[in-house]
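A quick write-up on the structure given underneath.
The values are calculated or read from the model by the stated rules, or taken from the named source; none is laboratory data. None of the values given here were measured: they were computed from a predicted structure. All Cβ positions, glycine included, derive from the backbone under ideal geometry; neighbour counts span all protein chains shown. Just the protein is used for accessible areas: all its heavy atoms, side chains included, with ligands, DNA and RNA removed. Shrake-Rupley method; radii C 1.70, N 1.55, O 1.52, S 1.80 Å.
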Amino acid sequence: MSEKAGDARLEMETLVSLSKRRGFVFQSSEIYGGLGGFWDYGPLGVELKNNIKRAWWKAVVQERDDIVGLDASILMNPRVWVASGHVDTFADPMVDCRECKKRFRADDLQGRVAAGVHGHVAEGGVIRCPECGGELTEPRMFNLMFKTFVGPVEDQASTAYLRPETAQGMFANFDNVLTATRRKLPFGMAQIGKAFRNEITPGNFIFRDREFEQMEIEYFVKPGTDEEWHQHWVEARRNWYLGLGIREENLRVRRLDKDELAHYAKDTYEVEYLFPMGWSELEGIANRTDFDLRRHTEFSGRQLTYYDEGSGEHIVPYVIEPSAGVDRCFLAVLFDSYHEETVRGEKRVLLRLHPSLAPVKVAVLPLSRHESLVPPARKVWELLRPHWMTQYDDSQSIGRRYRRQDEVGTPCCVTIDFDTLEDQAVTIRERDSMDQVRVPTAGLVEALRERLPNV
Ligand SMILES: [Zn+2]
């Protein structure tokens, strides 16, 4: 079923297991049996995740002259989601079993019947419950937004939603940001934050979760220039993944068919990665036109327009929205960097992570726990800690420790041995080549910096 080419086929299970064993990703509340579609990022996972977010922020905010950042709240006035269309249209058709009360996606059941799965059709072509054969209700729309209540009273008036996308925080702040920053078109806002969707069928590890993190840009342009900017962003975003070291053969851009478009979109491209379950979306880049600003103008009564000095007119900008998933990017980065090779008859597993993404940049490894090696090794560790994320490891053989660092993608190991006591020098060992080079401790930071550019 996998189309994955190149290396021996890598299963999702291999990464799930590595992630748990080494502290990248744990099942949420695992000691209670977990909760479907929720995951926790462990000590190495949080580093990798932060590094992905930092790389994105650097590329789209710090290095550009036309985008500013934002961090909006997760709960917003519920009218936002009426205006955005989510209250009405962000839903899947569901049927309930009248007997066992189980709930199914109507299109799933239709699919199973079409595929001829046994036992799902009763006489007369009526679809019955696949669990108990009971009678099903008519399809009803089930909204994917999580509901909660704001304040002490749990009623309709206090209902609020956990945001299903970060985008609306940026649209709602359009006028605030424009006024505060006096930007000219085209300009954008960027935001990283949690979003929540009560997916009927979460799955594929952290690919489809119910709580996830988005990295979104809303890029406002003059109507008529939107298609050109759309192309700019498709190219820019594809190049960002390639710049992180994602292999070109595992990345593709696909234009969605008209019937796949969301209710707000005129045109959408997806950046897709070749996961074990096939090509799947990492990022959607949509032309949302002026849909959102017009809807918020209508529902809030506030004019969300831009004064164009050239024409002397107030215009409603179009918006191009590159919307990426942090968790999906995390998964793609793991898949793409995972390698197995045989070294001197033994299997070596390594993550060939881009140095900027590696959770640990440098591992400090005394050759043994011999008491004479402890002071110089700890001194080297202290020297490096202000510069990079480091790890100190003195347990088991040096070979085992190199393997452990390879497996989590640490680009450089620094080894302190008995010669260090005489020559004040240490050995740098590189992850990918396994090359070793001796450098004086006094020049260690510089030598590592050469190997970890822009990190
Ligand atoms: Zn049933």
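Quick check: at a probe of 1.4 Å, how many percent of the accessible area of the chain sits on carbon and sulfur atoms?
Values: 10700 of 22050 Å².
Carbon plus sulfur share of accessible area: 49 percent.
Over the chain, what is the relative contact order in whole percent, taking alpha-carbon pairs under 8 Å and six or more residues apart?
The value is 13 percent.
Report the net charge of residues surrounding Pro93, where surrounding means a beta-carbon distance below 9 angstrom and charges are Lys +1, Arg +1, Asp -1, Glu -1.
Taking every other residue near Pro93 into account, the sum is 0.
Quick one: compute the contact order of the stretch 300-416, relative version, from alpha carbon pairs under 8 angstrom and 6+ residues apart, as a percent.
27 percent
Could you tell me the ratio Rg/Rh of the chain? Both radii from Cα atoms, Rh via Kirkwood. Could the numbers behind the result be given before it?
On the way: Rg = 26.1 Å, Rh = 25.2 Å.
Rg/Rh for the chain comes to 1.04.
With each pseudo-label sitting 7 Å past Cα toward Cβ, what's the Asn173-Glu340 distance in nm, one decimal?
4.6 nm
Helix 226-243 sits at what angle to the longest principal axis of the chain, using alpha carbons and giving 0 to 90 degrees rounded to 10?
That helix lies at roughly 30 degrees to the long axis.
At 0.36 nm per residue, minus the direct Cα-Cα distance, what do Arg54 and Glu371 gain on full extension? Give it in nm, one decimal, please. Don't skip to the end; give the middle numbers.
Values: separation 317, 0.36 × 317 = 114.12 nm, distance 3.93 nm.
So the extension gain works out to 110.2 nm.
I'd like the FRET efficiency for Leu75 and Asn204, computed as 1/(1 + (r/R0)^6) with the beta carbon distance as r and R0 of 25 Å, rounded to 0.05.
About 0.35, to the nearest 0.05.
Note down the nm distance, to one decimal, between modelled labels 7 Å out along Cα→Cβ at Gln62 and at Thr137.
The answer from the label model is 5.1 nm.
Normalized C-alpha radius of gyration of the stretch 15-57, against 2.2 N^0.38 Å?
The reported ratio for this selection is 1.25.
Given the rule -39500 (n - 2.57) for each run of at least 4 DSSP H residues, summed and divided by the residues of the chain, what is its mean residue ellipticity at 222 nm, to the nearest 500 deg cm²/dmol?
-8500 deg cm²/dmol
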